[in-house]
Amino acid sequence: MTVMEQRGAYRPTPPPAWRPRTDPAPLLPDAEPYRVLGTEAAAKADPELLRRLYAELVKGRRYNAQATALTKQGRLAVYPSTTGQEACEVAAALVLKEQDWLFPSYRDTLAVVARGVDPVEALTLLRGDWHTGYDPYEHRVAPLCTPLATQLPHAVGLAHAARLKGDDVVALAMVGDGGTSEGDFHEALNFAAVWQAPVVFLVQNNGFAISVPLAKQTAAPSLAHKAVGYGMPGRLVDGNDAAAVHEVLADAVRHAREGGGPTLVEAITYRVDAHTNADDATRYRGDAEVETWRAHDPIQLLERELTARGMLDEAAIEAARQDAETLAAALRERMNQDPVLDPMDLFTHVYAEPTPHLREQQEQLRAELEAEAESEGSTHR
């Protein structure tokens with residue numbers, strides 16, 4: 001008998017006292033994504049909430065289009081669009097209370113704006129200006145996170161600390177399907193479940209991690225199924241159904257606030273635009289696939305539902321579009337103004353107490369700037 005055969009024959013018997021710590025059945029997600037629009041559940045939804053979601057989706061779509069145009073004009077260095085994913089972005093911002101925290105990825109600028117951050121400040125990092133662009137403590141919004149999934153352990157740490165202090169705070173952390181392949185994702189979920197931290201993980205499964213489709217990343221039945229391995233509930237939701245995303249996230253936030261621990265929510269959506277303005281999406285997907293998802297557009301889905309129920313008329317639709325145009329016009333005007341930059345700001349907020357090496361670099365730059373200014377002054381005399 002070979003060594004492998006010997007190992008295969010070994011079947012250890014668990015001790016009689018062994019049992020699963022948690023019944024896995026209640027943690028498993030539904031077989032199909034949860035939906036509200038087009039179902040009987042839509043009749044129970046709050047009309048005011050649905051109208052607000054609609055208005056925010058329309059503004060979000062216009063915001064995405066304007067930000068993308070700004071990259072072509074050289075006013076933004078890069079912009080990862082969320083066109084087609086607006087339902088996830090808006091719902092994530094609206095379910096949180098003022099004291100709660102949002103932890104966005106680099107693609108979640110729209111969620112940051114919907115949370116109340118100034119649209120120009122939200123784009124500062126992508127513009128190439130200094131630091132975050134907004135005060136995280138003022139808005140309870142962590143910096144846009146460019147490294148994949150590193151914001152997730154931060155969210156867990158903040159939520160756990162808030163729980164230890166007795167603060168009524170929930171953290172909602174956003175990540176893409178590509179981010180679930182990172183070690184930070186697994187570490188964050190494990191710590192969150194062990195500590196029962198009041199945190200909600202929202203995975204926007206938009207089909208691709210840049211050019212890599214989901215099928216080449218995981219063999220799991222769904223990303224929501226990963227939750228059970230850590231001992232937390234997993235929820236699967238139609239990410240283009242704004243009402244459904246809001247309801248599922250609201251339930252998860254309420255569960256966390258009441259001491260129930262974390263939840264992993266997977267929203268099935270689609271990235272209609274390219275990964276960023278630097279990406280050529282035609283190299284890894286066809287137009288037919290994109291057009292299929294355009295027929296499941298989050299704005300159209302909600303507009304049809306509200307119109308059919310008599311909760312939205314042409315005047316309200318036009319008003320939402322005009323508000324969106326006003327937002328875009330203001331964004332254009334302000335982004336077309338060149339920022340006044342001070343090179344010495346490079347050293348601001350790097351450390352609470354600058355290191356000797358940093359001070360040396362600071363003095364070197366100051367000397368260079370003074371020499372340059374003196375040289376220019378003598379030239380003009």
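The values are calculated or read from the model by the stated rules, or taken from the named source; none is laboratory data. Everything numeric in this text was worked out from a predicted model, so none of it was measured. Neighbour counts are summed over all protein chains in view; Cβ atoms, including those assigned to glycine, are modelled from backbone coordinates with ideal geometry.
Apart from one condition, VAL156 fits all of (1) of a type in the set (A, V, I, L, M); (2) assigned to a loop (DSSP other than H, G, I, E, B); (3) more than 29 Å from LEU302 (Cα to Cα); the exception is (2). Among the residues of the stretch 195-218, those identified as among the hydrophobic types (A, V, I, L, M, F, W, C) and closer than 17 Å to ASP108 by Cβ are VAL199, VAL200, PHE201, LEU202, VAL203, PHE208, ALA209, ILE210.
Answer yes if at least one residue in the stretch 139-160 is surrounded by fewer than 18 Cβ atoms within 10 Å (Cβ to Cβ), farther than 30 Å from THR326 by Cβ, touching a Gly at 6+ places or on another chain (Cβ under 7 Å) and touching a residue at least 40 places away in the same chain (Cβ under 8 Å), and no otherwise. No, the stretch 139-160 contains no residue that is surrounded by fewer than 18 Cβ atoms within 10 Å (Cβ to Cβ), farther than 30 Å from THR326 by Cβ, touching a Gly at 6+ places or on another chain (Cβ under 7 Å) and touching a residue at least 40 places away in the same chain (Cβ under 8 Å).
Taking the residues in the stretch 101-132 that are among the basic types (Lys, Arg) and either touching a strand residue (DSSP E or B) at 6+ places or on another chain (Cβ under 9 Å) or not assigned by TED's automatic domain parsing to the domain that holds HIS154 (or both) as candidates, determine which candidate is surrounded by the most Cβ atoms within 10 Å (Cβ to Cβ). Within the stretch 101-132, the match that is surrounded by the most Cβ atoms within 10 Å (Cβ to Cβ) is ARG107. For the stretch 242-328, which fully contained helices (runs of 4 or more DSSP H) count at least 1 residues that are of a type in the set (Ser, Thr, Tyr) and out of contact with any Leu (no Cβ under 9 Å at 6 or more places or on another chain)? Here the list reads 287-294, 298-308. Within the stretch 32-76, being on the phi < 0 side of the Ramachandran plot, part of a loop (DSSP other than H, G, I, E, B) and surrounded by fewer than 16 Cβ atoms within 10 Å (Cβ to Cβ) holds for GLU32, THR39, ASP46, GLN73. Of ALA267, ALA295, ALA243, ALA274, all but one fail to be among the aliphatic types (A, V, I, L, M), free of Cβ contacts under 8 Å to residues at least 12 places away in the same chain and assigned by TED's automatic domain parsing to the domain that holds LEU223; the exception is ALA295.
Which residues, taken from the stretch 135-145, are under 13 Å from HIS349 (Cβ atoms) and in a loop (DSSP other than H, G, I, E, B)? Within the stretch 135-145, ASP135, PRO143 qualify.
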